[in-house]
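Reviewing the structure listed below.
The values are calculated or read from the model by the stated rules, or taken from the named source; none is laboratory data. Because the structure is a prediction, the values reported are computed rather than measured. Every residue, glycine among them, receives a Cβ derived from its backbone with ideal geometry; neighbour counts consider all protein chains shown.
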Amino acid sequence: RAKEQSQAGHIVFDTTMYDRAVELLQLETDLRWAVERQELCIFYQPIICIKTGKITGFEALVRWQHPERGLISPTEFIPVAEETGLIIPIGQWVLTESCKQLRQWQLQFPAIKPLTLNVNLSGKQFSQPHLIEQISQILQDTGLSSSNLKLEITETAIIASPQKATSILKQLKAFGLQLCIDDFGTGYSSLAYLHNFPIDVLKIDRSFVNRIDSDTEQFAIVRAIVTLADNLGMSVVAEGVETINQLAQLQLLQCQQAQGYLFSKPLDQEQARNLLASGQSFLRI
Ligand code: C2E
Ligand code: MG
Ligand code: MG
Ligand code: MG
C-alpha cells in the first residue's frame, strides 16, 4: 500500500511512501560520494563460447559496497544514478577501471587470446556529448585495443531517438568498437529495423532463456532471434543460462555464446584472476 485515494480524488501519501522518498533521497546523497569514497567496485562475469567451453571475455558489472547498508545491487542504484545524472561519472569510472583491469589480464595471460570486455552503457551515457573522445582517451591510457571493447546498450536507449542513435552507433563502430544490444527482446524495437543499426551482438534476455527447455514458445522465440541475428551477420549471447538443459537447447540452436550461473556468477577481481590463472574450460555438451 503505497498510496491512497482521498475522497476528493487527490493522492494522499502515507508513511510508507514518505519513508521510501526519504530513503531514495538518502541513497542519492550517498551515491554522490560513492565514487570518491571508493565504495564502488566491479565484478566480472565470464562469457563462454558454447562450442569450445572457453572464456571469450567478461562483462563488467558494478557493485556498491555501502558503509551501512552493505552491498547494493545495480538494479537499485543505477536508476537513481540515471535520474540524477550521476551515471556519467559512475559510468566513466566503470569504463576506466574495467579497461585497465582487462588490459592487465591480457598481459598476464597472453595465451588466452583475445579476451574481450563488455561494459554496460546507460541511455544518458550513450547520448552524452564527447562519448567517443572519452572512450578514445580511456583506451589510449589503458592500452586496450578498441576491438576488444564491447559496449552494451538497451533497445530503449536506441529507440528513444533512432536517428541520433544510428549516428552515434556508426561513430562508435567506425572507431573499432563492438556493439551489443542488451536484454534483447524486452524492449519495443521492431525487428524490421534492426538491420539499420550497426550492431554486432544480440544478448538475449534471460527471461527467454529461462524456460527454453520447457516451453516450446520460448524455444521458438530464441530460435527466431538466432536465425535473425545470423541473417543480419550478428552473433548471439544467451544471458542467464542456469541449467544444462538450457545449454543443450542453445547448442541445438547454434547459439554462439552464453553467460550465466551455470558457468559462473559475477566474480570479484581476485576470483576472476584465479579463474584465468587456472586455465579452466567450462563444460561442453
Ligand atoms: P545486465 O547488463 O543484463 O547484466 C546481467 C545481469 O544478470 C547481472 O545482474 C548478472 O549478475 C545477472 N545474471 C547473470 N547470470 C545470471 C543467471 O544465470 N541467473 C540470474 N538470475 N541472473 C544472472 P547485476 O550484476 O545485478 O546487474 C543488473 C543490471 O544492472 C545489469 O543488467 C545492467 O543493466 C545494470 N548494470 C550493472 N553494471 C552496470 C554499469 O556499470 N553501468 C550501467 N549503466 N548499468 C549497469
Ligand atoms: Mg549487460
Ligand atoms: Mg542483460
Ligand atoms: Mg538486465
Quiz item: Only one of these conditions is not met by T243: (1) closer than 26 Å to W105 by Cβ; (2) at pLDDT 95 or above; (3) not basic (K, R). Which number is it?
Solution: (1)
Quiz item: For D30, all conditions in the list (1) crowded, with 19+ Cβ neighbours inside 10 Å; (2) modelled with pLDDT of 95 or more hold save one; what is the number of the exception?
Solution: (2)
Self-check item: Lone unmet requirement of (1) closer than 27 Å to T166 by Cα; (2) buried (at least 18 other Cβ atoms within 10 Å of the Cβ); (3) in contact with a Ser or Thr (Cβ under 7 Å, 6 or more places away or on another chain) for E82
Solution: (2)
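Restricting to region 63-78, and then to whatever is exposed (fewer than 11 other Cβ atoms within 10 Å of the Cβ) and away from ligand 2 (no atom under 16 Å from the Cβ), can you tell me which residue is nearest to the chain's Cα centre (by Cα)? Break it down into steps so the answer makes sense when it comes.
Pass one, region 63-78, residues exposed (fewer than 11 other Cβ atoms within 10 Å of the Cβ): 67-68, 70-71, 75.
Imposing the further condition that a residue be away from ligand 2 (no atom under 16 Å from the Cβ) reduces the set to 67-68, 70-71.
On the way: P67: 25, E68: 27, G70: 22, L71: 19 Å.
Only one residue fits best here, namely L71.
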Quiz item: Among the residues of region 184-193, is there at least one that is of a type outside the set (V, I, T) and more than 26 Å from T227 (Cβ to Cβ)?
Solution: no
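Being modelled with pLDDT of 95 or more and β-branched (V, I, T) narrows it down to one of T96, T166, so name that one.
Every option except T96 fails the conditions.
Residue-wise test of (1) under 26 Å from C99 (Cβ atoms); (2) β-branched (V, I, T).
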position	(1), (2)
A220	no, no
T227	no, yes
N231	no, no
V236	yes, yes
N245	no, no
L250	no, no
G260	yes, no
K265	yes, no
D268	yes, no
Exercise. Inspect region 141-150 for any residue being within 17 Å of the chain's Cα centre (by Cα), at pLDDT 95 or above and small (G, A, S) and give the result as yes or no.
Key: no
Quiz prompt | Residue list for region 207-220, filter: surrounded by 15 or more Cβ atoms within 10 Å (Cβ to Cβ) and in contact (Cβ under 8 Å) with a residue 12 or more places away in the chain | solution = F208, V209, N210, I212, D213, F219
Practice problem: All but one of (1) at pLDDT 95 or above; (2) of a type outside the set (D, E, K, R); (3) within 18 Å of T154 (Cα to Cα) hold for Q256, so report the exception by its number. | Solution: (3)
Quiz item: Which one is surrounded by the fewest Cβ atoms within 10 Å (Cβ to Cβ), of the residues in region 103-130 that are touching a Gly at 6+ places or on another chain (Cβ under 8 Å) and assigned to a helix (DSSP H, G or I)?
Solution: K124
Quiz item: Say we look at region 155-189 and pick out the residues that are in contact (Cβ under 8 Å) with a residue 40 or more places away in the chain and closer than 29 Å to I212 by Cβ; which of these is nearest to ligand 2 (Cβ to nearest atom)?
Solution: D182
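Just need a number here: residues in region 262-285 that are of a type outside the set (G, A, S), touching a Ser or Thr at 6+ places or on another chain (Cβ under 9 Å) and in contact (Cβ under 8 Å) with a residue 12 or more places away in the chain.
Let us first name the residues in region 262-285 that are of a type outside the set (G, A, S), namely 262-263, 265-271, 273-276, 280, 282-285.
When the remaining residues are screened for being touching a Ser or Thr at 6+ places or on another chain (Cβ under 9 Å), the result is 262, 271, 275, 282, 284.
So of that shortlist, the ones also in contact (Cβ under 8 Å) with a residue 12 or more places away in the chain come out as 262, 275, 282, 284.
Qualifying residue count for the region: 4.
Applying the selection to region 10-52, what residues are among the hydroxyl-bearing types (S, T, Y) and either closer than 30 Å to A277 by Cα or outside any helix (DSSP H, G or I) (or both)?
Result: Y44, T52.
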